[in-house]
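Notes to accompany the following structure.
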Number of protein chains: 2
Amino acid sequence: MTDGAGPKVADSAIARLIERVGTDAPLGVFDSGLGGLTVVRAMRERLPNEDIIYLGDNARVPYGTRSPETIVRYALGCARELSSRGVKAIIVACNTVSAVALDRLRAELDLPVTGVIIPGARAATRASGEAPVGVLGTLGTISSGAYTRAVASFSSRTEVLGQAAPLLVALAEEGWTEGEVPRLVVRKYLDSFFGPEVVEGFGLPRASKVGCVVLGCTHFPLFRELIEREVREIGGRGIPVVDSARETASDVEAFLNERGMRSRRDEAGRLELLVTDKPRSFEAVASRFLGGAVGGVDLVDLKPE
Amino acid sequence: MTDGAGPKVADSAIARLIERVGTDAPLGVFDSGLGGLTVVRAMRERLPNEDIIYLGDNARVPYGTRSPETIVRYALGCARELSSRGVKAIIVACNTVSAVALDRLRAELDLPVTGVIIPGARAATRASGEAPVGVLGTLGTISSGAYTRAVASFSSRTEVLGQAAPLLVALAEEGWTEGEVPRLVVRKYLDSFFGPEVVEGFGLPRASKVGCVVLGCTHFPLFRELIEREVREIGGRGIPVVDSARETASDVEAFLNERGMRSRRDEAGRLELLVTDKPRSFEAVASRFLGGAVGGVDLVDLKPE
């Protein structure tokens, strides 16, 4: 797992880990809230027989406005909670934590740790060719420059055009993902990725300034089809939409396969959902993010760091 | 000033205060971000010759997700900063702080302190008659029950129907206050205040479940005319829309007049804007909230409590 500049976990450490927890141990996923559930959903599609424990630290959401020190402290709390439950790897399904805390998590834990930014940035650099990468994200993610740095680590010539799309977060949390309002909001945010209309009002395709569009926020896979449709509508051709959640799941699969860490079981993996606040209201929204019913949500108290 | 359960500042304390700072001293207003500027705007309309110092603690926005202890600590920091600049009264232009920290601010400061909830709740109770009061607010304000308690303090028989409207906050901060998207969003949130359509699709007025609609978030005055229009459109008659920002300004005016604390000057009052982060980006958005150009924004470091 290669998100951020952290070193890979040495093979001897992996061997000790597997001896301790076994290959059937669950994967641990955490986020500051429920956005990371889109990563869980993608992982369950790719890795249907793996158990997953998801921890949403919704008592302290959002992380984006906190100081880096506080984000590291909160992230360590989440990761240690998952570690104490015997997970075999940790997936940071949160852009803020992926940008700020990955190195510290790797230094402090005897576990493979990955984030959501590098997988998305890698796929985007490939998909974009020579053209700039367009990134939709939260205000925090865009202004942090995390995707710009990540894309630069794959290709120094590839530019990044960032577009903050805060209304999409609010729409996703309200479950308002279809109809005229999300369509107009998506249109507005995509606008900066395209050149002016050739003949105004004639609906001719506009020139694209980007080679692909990255869903750089864990909430945005809920709008993937809508964004794909609107990109086609505006640009008149298929500019690929890169889904960080799917790319992360694909990276996790490759990593587990390479290291012989896949579960050997045949049955469907279990999903355990933990939150730090309001389990009932989390449950209601979670089914939307997971694309299906949720078996219950447990409340957990994190130990103070 | 009567927001919350705190006692009025005694007349002798007012006399000492005025001896110290003078009646021309500025009014101090603070909020966790820029929403409170709608209160400043309303105050400048009502009290054009008063100087105002506004402090937006945008480095730590949003307060709504913090613990009560943290909110009190942050609010004390803001209030002490304003107090050290010689203000004659403090207006808490933030629903979260008004709900949580008003008593503590009054206990710790030798200044009159008011908030935004009681003025809005008082006006709403009057405007609603026997009917329930409808409140639009953030998720935090609605789930805190602050308006329910405040309305109950004026009339034990008046019910409160709360509706969280988080998309309006995001739209306001993006400056997207006109057109189809805000209209449809406002429609969606107003829906719970009205009964079913009489004959579906015929556009007949629907029965109103509320006697008035309170703009229970400092961002929402930006949508006042739109909300008034949609309320009329749906309900077919003028259900009053109560603007907490205006009601607060009106309360401040009455208080200053009663206590002989109005500025004696003839010229237009000055406005000083202070923030704890990103003064340039604050300036750009602030002009929208104030309804006019802004003369510059200064960065300030708050002393740790």
Selection within region A:161-173 - surrounded by fewer than 24 Cβ atoms within 10 Å (Cβ to Cβ) and either in a loop (DSSP other than H, G, I, E, B) or more than 14 Å from chain B (Cβ to nearest Cβ) (or both):
A:L161, A:G162
Can B:R183 be described as on the phi < 0 side of the Ramachandran plot, surrounded by 13 or more Cβ atoms within 10 Å (Cβ to Cβ) and in a helix (DSSP H, G or I)?
yes
For residues that are surrounded by fewer than 18 Cβ atoms within 10 Å (Cβ to Cβ) and in contact with a helix residue (DSSP H, G or I) (Cβ under 8 Å, 6 or more places away or on another chain), scanning just region B:140-158, find the one that is nearest to the other protein chains (Cβ to nearest Cβ).
B:S153
If you check B:V113, B:V151, which single one turns out to be touching a strand residue (DSSP E or B) at 6+ places or on another chain (Cβ under 7 Å) and closer than 30 Å to B:A15 by Cα?
B:V113
Filter region B:26-58 for residues that are out of contact with any Lys or Arg (no Cβ under 8 Å at 6 or more places or on another chain) and within 14 Å of another protein chain (Cβ to nearest Cβ); the one that is surrounded by the most Cβ atoms within 10 Å (Cβ to Cβ) is B:G56
Residues in region B:203-224 that are of a type in the set (K, R) and assigned to a helix (DSSP H, G or I): how many?
1
List the number of the failed condition for B:T138; all other conditions in (1) in contact (Cβ under 8 Å) with a residue 24 or more places away in the chain; (2) more than 20 Å from B:F289 (Cβ to Cβ); (3) among the hydroxyl-bearing types (S, T, Y) hold.
(2)
B:S84 is checked against (1) surrounded by fewer than 19 Cβ atoms within 10 Å (Cβ to Cβ); (2) at pLDDT below 95; (3) among the polar types (S, T, N, Q) and fails just one. What number does that condition carry?
(2)
Restricting attention to helices (runs of 4 or more DSSP H) lying wholly within region A:1-89, give those where 1 or more residues are on the phi > 0 side of the Ramachandran plot.
none
Elements of type strands (runs of 3 or more DSSP E) in region B:225-305, at least 3 residues being over 23 Å from A:L139 (Cβ atoms) and touching a residue at least 12 places away in the same chain (Cβ under 8 Å)
B:241-243
Flag if B:E200 is of a type in the set (D, E, K, R), surrounded by fewer than 19 Cβ atoms within 10 Å (Cβ to Cβ), within 13 Å of chain A (Cβ to nearest Cβ) and not in a helix (DSSP H, G or I):
no
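The values are calculated or read from the model by the stated rules, or taken from the named source; none is laboratory data. Just so we're clear, the structure is a prediction, and the values are computed from it rather than from any experiment. Note: ideal-geometry Cβ built from the backbone for every residue, glycine included; neighbour counts use all protein chains shown.
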